[in-house]
Amino acid sequence: MLGNFGYSNPTRLYFGDNALKYLNRELKKFGSNVLLVYGGGSIKKNGIYDEVLQALEMNDKNVVELPGVMSNPTVHKLYEGCELARQHDIDLILAVGGGSVCDYAKALSVSIHCEEDPWDRYYLRQERPNNPIVPVGCILTMVGTGSEMNGGSVITHPEQKLKIGHVFGDDVMPKFSILNPTYTLTLPKYQMVAGFFDIMSHIMEQYFSGEDDNTSDYLAEGLMKSLIHSSRIAVADPQDYEARSNIMWTATWALNTLISRGKTTDWEVHMIGQAVGAVTDATHGMTLAAVSLPYYRRIMKDGLAKFRRFAINVWGVDPAGRSDEDVAKAGLAELERWMKDIGVVMHLKELGVEESMYEDIASGTFLLSGGYRKLTKEEVVEILRESM
Ligand code: NZQ
Ligand code: ZN
């Protein structure tokens with residue numbers, strides 16, 4: 001570990017199939033006006049909405065509902081939420097849903113009292129909040145993003161064809177998150193699997209950077225092994241509670257700032273995936289899956305030692321009698337096999353990408369330098385072509 005860093009994570013977690021009972025304890029800490037934020041209605045079908053509303057009523061909260069937060073939430077929905085929250089003098093934003101709902105709640109928390117356009121301030125200019133922040137609590141129903149225990153908040157501006165994340169600080173991270181694995185059992189298989197790849201991608205984005213011997217990499221390897229093991233069980237039987245609960249916990253630790261300590265971190269796959277999402281509105285985890293292998297095969301030689309280690313420590317590749325490059329390639333072949341086994345999208349054309357979109361996607365891709373090599377815009381286009 002050669003880096004210098006600070007560490008804190010203010011989010012209190014409640015995990016397990018009885019986790020919702022701790023909502024009572026948390027609600028008592030906040031004022032009476034609660035903005036209940038949720039998505040397109042899955043929580044009404046599976047009964048989570050009723051359970052949450054009952055807890056809010058028992059605690060005498062005035063509940064204002066803000067439904068309809070879409071996957072890949074838009075800036076227009078953010079403006080709508082700001083209006084509503086201002087009208088009702090909101091004390092707590094309670095997000096019930098997946099990463100989109102949690103991300104949206106965080107964007108709202110910093111935007112309600114923001115005197116300028118939050119898109120310009122937080123997303124285009126990446127500035128910090130300088131106004132009061134409304135606290136957020138999360139009840140997670142979809143596993144993958146880690147939004148339940150981080151400061152990340154990704155918003156899409158459809159007209160500008162941009163999807164941009166802002167990683168806010170401790171003051172924006174959820175005050176609490178309720179993680180009940182049974183809540184995730186009603187997820188459609190497509191979403192479940194997209195979440196699995198999102199988790200893997202978060203870990204790889206942090207793992208594939210740096211050359212030093214770093215505890216964070218050992219933690220990352222453990223998380224990847226647990227995910228690979230449990231994902232295969234969950235794909236065979238999506239109702240397997242043990243596998244789904246392991247994956248829920250892995251997702252949280254994959255992106256709650258722990259395994260990025262002492263690392264420069266890459267995030268280029270996410271930059272390309274987000275740019276794909278901006279023009280297609282495709283499912284986040286699937287955008288990452290479609291571009292990952294062409295990206296990693298392209299940069300493999302620049303980080304050969306780590307790709308070799310990935311093959312051996314994560315996938316159990318036997319290095320005996322093989323060149324470093326062969327071992328590294330075998331690791332990526334194992335990754336490909338796992339992706340096909342769990343059934344992620346392997347080609348961008350399945351997500352509606354067409355050649356005419358390459359220019360917008362490449363222009364919307366931020367080129368970062370934390371990984372093993374900074375790409376050029378031309379290389380992004382080549383990766384898109386290779387991912388079709
Ligand atoms: O809207 P509803 O009806 O609730 O349906 C949702 C949605 O259609 C459904 N769903 C969620 N829980 C369910 C369920 N359906 C049945 N049963 C349940 N229990 O699943 C669909 C997808 O939900 P969504 O929240 O969009 O998915 P996800 O959790 O993958 O979040 C994606 C968003 O998070 C951002 C992505 O860019 C994207 O905008 N990310 C946030 C990050 C962060 N905060 O750090 C990092 C990630 O890399 C990512 O960028
Ligand atoms: Zn992600």
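Meeting the requirement of 3 or more residues that are within 16 Å of ligand 1 (Cβ to nearest atom) and under 22 Å from LEU162 (Cβ atoms), the helices (runs of 4 or more DSSP H) wholly within the range 282-377 are 284-299. Of all the listed residues (GLN191, GLN160, GLN126), the sole one being more than 15 Å from the chain's Cα centre (by Cα) and either within 16 Å of ligand 2 (Cβ to nearest atom) or at positive phi (or both) is GLN126. For LEU92, the stated conditions hold: it is away from ligand 2 (no atom under 16 Å from the Cβ), in contact with a Pro (Cβ under 7 Å, 6 or more places away or on another chain) and within 16 Å of GLY137 (Cα to Cα). Scan the range 45-62 for residues that are out of contact with any Ser or Thr (no Cβ under 6 Å at 6 or more places or on another chain) and surrounded by 13 or more Cβ atoms within 10 Å (Cβ to Cβ) and jot them down. Correct list: ILE48, TYR49, GLU51, VAL52, LEU53, ALA55, LEU56, ASN59.
So which residues in the range 103-137 are touching a residue at least 12 places away in the same chain (Cβ under 8 Å), out of contact with any Ser or Thr (no Cβ under 6 Å at 6 or more places or on another chain) and in a loop (DSSP other than H, G, I, E, B)? Write out each step before concluding.
Of the residues in the range 103-137, the ones touching a residue at least 12 places away in the same chain (Cβ under 8 Å) are 103-115, 118-119, 122-124, 126, 128-129, 131-137.
Those left that are additionally out of contact with any Ser or Thr (no Cβ under 6 Å at 6 or more places or on another chain): 104-105, 108-115, 119, 122-124, 126, 128-129, 131-132, 135, 137.
Selection gives ILE112, HIS113, CYS114, GLU115, GLN126, ARG128, PRO129, ASN131, PRO132, PRO135.
In summary, MET200 fulfils each of the numbered conditions (1) assigned to a strand (DSSP E or B); (2) more than 11 Å from ligand 1 (Cβ to nearest atom) with the single exception of condition (1). If you go through the range 221-279 and keep only what is outside any helix (DSSP H, G or I), out of contact with any Gly (no Cβ under 8 Å at 6 or more places or on another chain) and not β-branched (Val, Ile, Thr), you end up with ASP237, PRO238, GLN239, ASP240, LEU258, SER260.
Checked against the criterion of being more than 15 Å from ligand 1 (Cβ to nearest atom), assigned by TED's automatic domain parsing to the domain that holds THR145 and part of a loop (DSSP other than H, G, I, E, B), the candidates ASP212, ASP171 yield just one match: ASP171. Any idea which residue in the range 18-41 is farthest from ligand 2 (Cβ to nearest atom), counting only those that are out of contact with any helix residue (DSSP H, G or I) (no Cβ under 8 Å at 6 or more places or on another chain) and not charged (D, E, K, R)? Checked the range 18-41; the qualifying residue farthest from ligand 2 (Cβ to nearest atom) is SER32.
The values are calculated or read from the model by the stated rules, or taken from the named source; none is laboratory data. All figures in this text were calculated on a predicted structure; none of them were measured in a lab. Cβ atoms come from the backbone with ideal geometry, glycine included; neighbour counts cover every protein chain shown.
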